[in-house]
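S.K.: Take this structure, written in structure tokens, and hold onto it; I'll ask about it next.
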Ligand SMILES: Nc1ncnc2c1ncn2[C@@H]1O[C@H](COP(=O)(O)OP(=O)(O)OP(=O)(O)O)[C@@H](O)[C@H]1O
Ligand code: SF4
Ligand SMILES: [Mg+2]
């Protein structure tokens with residue numbers, strides 16, 4: 001069943017739509033990327049670019065949305081056509097998720113311990129309650145929870161945000177997943193806590209050897225943690241490649257804009273260049289390249305012809321971009337500073 | 001926790017005393033003269049004016065209102081709520097023997113309400129905007145809009161008169177008795193009262209469960225691999241039922257009002273029946289006593305709700 005010639009996860013031309021009162025929202029429109037075993041892939045892009053919807057589609061957690069195109073293959077199996085029961089046996093076991101807001105992602109009336117025990121026993125029916133309890137306490141200790149045995153019995157509201165996210169991570173790695181999906185795992189936390197939780201995520205990743213899909217707004221985090229980066233815009237992947245290549249030699253004007261909008265040590269603050277304009281409406285995306293209304297390089301062809309993702313550069317690592325005029329971009333920023 | 005409970009009890013006692021003053025004054029302010037009510041109009045003749053005055057003096061009705069209240073309050077402290085103007089029996093005894101039947105009727109009705117509302121509301125929430133949901137909505141609206149005395153009369157007609165399955169009135173068969181007998185008498189009024197309560201509760205369970213189903217923790221439970229049934233019962237429903245405690249308690253007075261009506265229809269020997277008679281006869285001590293019993297019942301229910309809340313919702317801080 002395990003097809004070793006294919007990457008662990010393949011997202012192929014995924015399109016997800018929402019029917020709303022205003023019309024059909026094309027939240028994801030032809031997203032495509034892959035994740036290899038054990039690698040960390042960062043997904044970046046402005047708010048509303050479809051990062052979360054893409055991530056949730058993997059486990060079939062987009063409730064009101066409709067998948068109109070594409071396939072998501074995990075170990076060669078199309079998760080979209082899997083019977084519900086089989087999909088459930090993958091959720092939380094082979095693929096686990098960490099959500100953005102640990103304040104709301106945990107059930108407020110169930111103890112932290114029982115929530116972790118549930119994750120364990122859902123996928124190992126023979127695990128006794130006592131053994132699950134011991135394992136859960138072990139996991140809490142592993143994610144750096146002081147006094148894990150006492151914490152086991154407490155409710156989410158007795159935890160700080162950072163501690164809750166640690167508990168979420170403990171729950172996610174409970175069954176030794178081969179893919180971890182973390183959707184902005186630190187955005188909702190205090191700045192001082194963010195670094196700790198990211199460090200923990202790195203430790204957890206090394207511990208489990210799980211491939212990781214890390215969604216974040218923070219390019220610095222991607223530079224530090226990820227092997228590869230996927231840049232999304234208006235529901236599409238506009239550029240992807242290994243982190244160093246993409247960050248030192250971006251081949252899409254949107255990526256260039258993102259990098260230039262970063263505060264950097266070697267530049268004055270007033271030299272920040274936020275990308276002018278705002279992301280297009282997903283109800284009626286512009287024809288051609290969705291970035292053309294904001295693109296400094298845009299010309300007639302961009303307004304009519306949709307650029308497909310294609311291989312650029314001559315490096316060894318595969319670097320893809322969806323821009324007609326990628327070759328015109330000179331190598332821009334050379335480093336990313338947090 | 002103990003401090004919390006003690007504090008709640010003290011607050012409730014103060015509220016109770018205030019209610020007592022309010023009720024006492026309101027009843028006294030009502031038009032009509034209870035002494036005249038005791039005398040049949042045809043017996044009114046010359047000289048009865050003096051007799052009426054004598055009775056008023058005897059009953060203390062001519063004293064200043066504050067004196068009347070103080071006397072009544074001190075007596076009430078000893079459990080003496082006075083005697084019925086009509087039957088001369090002590091009010092507390094009259095009410096006490098009717099408290100049991102009313103509580104039996106109401107608690108059975110509440111159980112029936114919940115047995116209907118929780119499953120029906122849950123199914124309506126999960127299958128929202130399908131025919132099942134619409135049917136549940138129609139049913140809820142139906143039982144809310146049909147007056148319960150009407151349902152009661154229909155039920156008596158069908159089940160007692162036509163089918164002869166159930167007794168139409170009272171709480172037990174004279175000479176008979178036993179648990180099954182009481183149960184047979186209880187079924188119709190309790191089912192009708194329960195049905196009336198189930199309507200709004202079903203809507204409430206549905207709405208609150210729909211809210212919870214879109215909560216983040218529900219998505220987490222799904223992402224863990226929980227089955228839909230597990231996600232609903234172990235996670236969403238548990239959260240959505242907590243506020244139901246408050247809703248039930250808020251509805252207690254309304255339910256009591258429903259019970260008063262049904263006690264009339266089914267001649268159920270509860271407090272409602274007694275109260276209706278007392279009101280038509282302007283039997284002050286009984287009316288005041290009834291109002292106090294109702295107030296106490298409502299306050300006790302609220303107290304139970306507060307404590308239950310503190311037990312089932314770990315987020316409630318009781319310190
Ligand atoms: N349930 C829904 N109904 C309608 N539209 C939705 C729904 N969920 C998401 N969308 C839309 O889909 C688009 C993509 O949303 P998504 O949450 O994937 O963005 P994102 O890249 O994760 O953004 P952020 O960085 O803010 O988390 C947005 O325009 C959003 O409004
Ligand atoms: S295709 Fe055109 S509009 Fe789109 S990014 Fe490239 S140059 Fe800009
Ligand atoms: Mg998001």
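The values are calculated or read from the model by the stated rules, or taken from the named source; none is laboratory data. Here the structure is a predicted model, which is why all the values come from computation and not from measurement. Heads up, the Cβs are rebuilt from the backbone with ideal geometry, glycines too, and the neighbour counts pull from every protein chain shown.
S.K.: What are the residues in region A:174-193 that are over 20 Å from residue A:52 (Cα atoms) and assigned to a loop (DSSP other than H, G, I, E, B), if any? Spell out how you get there, then give the answer.
M.R.: Step one: filter region A:174-193 for residues over 20 Å from residue A:52 (Cα atoms), giving A:174-176, A:190-193.
Those that are over 20 Å from residue A:52 (Cα atoms) and assigned to a loop (DSSP other than H, G, I, E, B): A:174, A:175, A:176, A:190.
S.K.: From the list A:41, A:62, A:24, A:16, which one is under 23 Å from residue A:219 (Cα atoms) and either within 16 Å of ligand 2 (Cβ to nearest atom) or not assigned by TED's automatic domain parsing to the domain that holds residue A:237 (or both)? Talk me through it step by step, then tell me what you get.
M.R.: Numbers: A:62 fails: under 23 Å from residue A:219 (Cα atoms); A:24 fails: under 23 Å from residue A:219 (Cα atoms); A:16 fails: under 23 Å from residue A:219 (Cα atoms).
On inspection, the qualifying residue turns out to be A:41.
S.K.: Could you list, in sequence order, all residues of region B:194-217 that are within 13 Å of chain A (Cβ to nearest Cβ) and either within 25 Å of residue B:141 (Cα to Cα) or under 30 Å from the mean Cα position of the chain (by Cα) (or both)? Don't jump to the end; show me each part of the working.
M.R.: Step one: of region B:194-217, the residues within 13 Å of chain A (Cβ to nearest Cβ) are B:210-217.
Across region B:194-217, the qualifying residues are B:210, B:211, B:212, B:213.
S.K.: Is it the case that region A:41-49 has a residue that's within 15 Å of ligand 3 (Cβ to nearest atom), within 14 Å of chain B (Cβ to nearest Cβ) and touching a strand residue (DSSP E or B) at 6+ places or on another chain (Cβ under 7 Å)?
M.R.: Taking region A:41-49 and keeping what is within 15 Å of ligand 3 (Cβ to nearest atom), we get A:42-49.
This time we only want the ones that are within 14 Å of chain B (Cβ to nearest Cβ), so: none.
Among the residues of region A:41-49, not one is within 15 Å of ligand 3 (Cβ to nearest atom), within 14 Å of chain B (Cβ to nearest Cβ) and touching a strand residue (DSSP E or B) at 6+ places or on another chain (Cβ under 7 Å), which makes the answer no.
S.K.: Condition check: surrounded by 19 or more Cβ atoms within 10 Å (Cβ to Cβ) and either without any contact (Cβ under 8 Å) to a residue 12 or more places away in the chain or out of contact with any strand residue (DSSP E or B) (no Cβ under 9 Å at 6 or more places or on another chain) (or both). Does residue A:93 satisfy that?
M.R.: Details: surrounded by 19 or more Cβ atoms within 10 Å (Cβ to Cβ): yes; either without any contact (Cβ under 8 Å) to a residue 12 or more places away in the chain or out of contact with any strand residue (DSSP E or B) (no Cβ under 9 Å at 6 or more places or on another chain) (or both): yes.
Spelling it out, residue A:93 is indeed surrounded by 19 or more Cβ atoms within 10 Å (Cβ to Cβ) and either without any contact (Cβ under 8 Å) to a residue 12 or more places away in the chain or out of contact with any strand residue (DSSP E or B) (no Cβ under 9 Å at 6 or more places or on another chain) (or both).
S.K.: Could you please give the count of residues in region B:255-300 that are surrounded by fewer than 17 Cβ atoms within 10 Å (Cβ to Cβ) and assigned to a helix (DSSP H, G or I)? Outline the logic, then answer.
M.R.: Applying the first criterion (surrounded by fewer than 17 Cβ atoms within 10 Å (Cβ to Cβ)) to region B:255-300 yields B:257, B:264, B:267, B:276-277, B:279-280, B:296, B:300.
Imposing the further condition that a residue be assigned to a helix (DSSP H, G or I) reduces the set to B:257, B:264, B:276-277, B:279-280, B:296, B:300.
Qualifying residue count for the region: 8.
S.K.: Only one of (1) within 16 Å of ligand 3 (Cβ to nearest atom); (2) at pLDDT below 90; (3) more than 13 Å from the chain's Cα centre (by Cα) fails for residue A:235. Which number is that?
M.R.: That leaves (2) as the condition not met.
S.K.: Follow-up question, since we're still on this one. Can you tell me which residue among A:263, A:296, A:279 is in contact with a helix residue (DSSP H, G or I) (Cβ under 7 Å, 6 or more places away or on another chain), more than 12 Å from ligand 2 (Cβ to nearest atom) and either at pLDDT below 90 or not in a helix (DSSP H, G or I) (or both)? Before you say what the answer is, go through the steps one by one.
M.R.: Numbers: A:296 fails: more than 12 Å from ligand 2 (Cβ to nearest atom); A:279 fails: in contact with a helix residue (DSSP H, G or I) (Cβ under 7 Å, 6 or more places away or on another chain).
It is A:263.
S.K.: Just give me the residues in region A:45-55 being crowded, with 20+ Cβ neighbours inside 10 Å and either more than 17 Å from residue A:12 (Cβ to Cβ) or near ligand 1 (Cβ under 7 Å from one of its atoms) (or both), in sequence order. If you could, list the steps in order and put the result at the bottom.
M.R.: Going residue by residue through region A:45-55, those that are crowded, with 20+ Cβ neighbours inside 10 Å are A:45, A:49-55.
Answer for region A:45-55, where residues must be crowded, with 20+ Cβ neighbours inside 10 Å and either more than 17 Å from residue A:12 (Cβ to Cβ) or near ligand 1 (Cβ under 7 Å from one of its atoms) (or both): A:45, A:49, A:50, A:51, A:52, A:53, A:54.
S.K.: Here are the criteria: (1) at the interface with chain B (Cβ under 10 Å from one of its Cβ atoms); (2) surrounded by fewer than 23 Cβ atoms within 10 Å (Cβ to Cβ); (3) more than 10 Å from ligand 1 (Cβ to nearest atom); (4) modelled with pLDDT under 90. Tell me which single one residue A:84 does not satisfy.
M.R.: Exception for residue A:84: condition (4).
Condition check ((1) more than 10 Å from chain B (Cβ to nearest Cβ); (2) free of Cβ contacts under 8 Å to residues at least 40 places away in the same chain) across all residues:
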residue: A:113; (1), (2): yes, no
residue: A:116; (1), (2): no, no
residue: A:124; (1), (2): yes, no
residue: A:136; (1), (2): yes, yes
residue: A:151; (1), (2): yes, yes
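S.K.: Exactly one of (1) part of a helix (DSSP H, G or I); (2) surrounded by fewer than 20 Cβ atoms within 10 Å (Cβ to Cβ); (3) at pLDDT below 85 is unmet by residue B:315. Its number?
M.R.: The number of the failed condition is (1).
S.K.: Which number in (1) within 14 Å of another protein chain (Cβ to nearest Cβ); (2) surrounded by fewer than 19 Cβ atoms within 10 Å (Cβ to Cβ) marks the one condition that residue B:220 misses?
M.R.: Checking residue B:220 against (1) within 14 Å of another protein chain (Cβ to nearest Cβ); (2) surrounded by fewer than 19 Cβ atoms within 10 Å (Cβ to Cβ), the one that fails is (2).
S.K.: Only one of A:253, A:156 is crowded, with 23+ Cβ neighbours inside 10 Å and within 14 Å of chain B (Cβ to nearest Cβ); which?
M.R.: It is A:156.
S.K.: Out of A:98, A:72, which single residue is surrounded by 23 or more Cβ atoms within 10 Å (Cβ to Cβ) and more than 16 Å from ligand 2 (Cβ to nearest atom)? Spell out how you get there, then give the answer.
M.R.: Numbers: A:72 fails: surrounded by 23 or more Cβ atoms within 10 Å (Cβ to Cβ).
Exactly one residue qualifies, and that residue is A:98.
S.K.: Something else about it: Sort out which residues of region A:182-192 are within 13 Å of residue A:143 (Cβ to Cβ) and more than 13 Å from the chain's Cα centre (by Cα), and write them in order of number. Step through it out loud before you land on a result.
M.R.: The first filter runs over region A:182-192 and keeps only residues within 13 Å of residue A:143 (Cβ to Cβ), leaving A:185.
Once the filter is applied, which keeps residues that are within 13 Å of residue A:143 (Cβ to Cβ) and more than 13 Å from the chain's Cα centre (by Cα), region A:182-192 yields nothing.
S.K.: So which of A:203, A:221, A:238 ends up being away from every other protein chain (no Cβ under 14 Å), surrounded by 24 or more Cβ atoms within 10 Å (Cβ to Cβ) and either assigned to a helix (DSSP H, G or I) or within 16 Å of ligand 1 (Cβ to nearest atom) (or both)? Full working, then the answer.
M.R.: Values: A:203 fails: surrounded by 24 or more Cβ atoms within 10 Å (Cβ to Cβ); A:221 fails: surrounded by 24 or more Cβ atoms within 10 Å (Cβ to Cβ).
Every option except A:238 fails the conditions.
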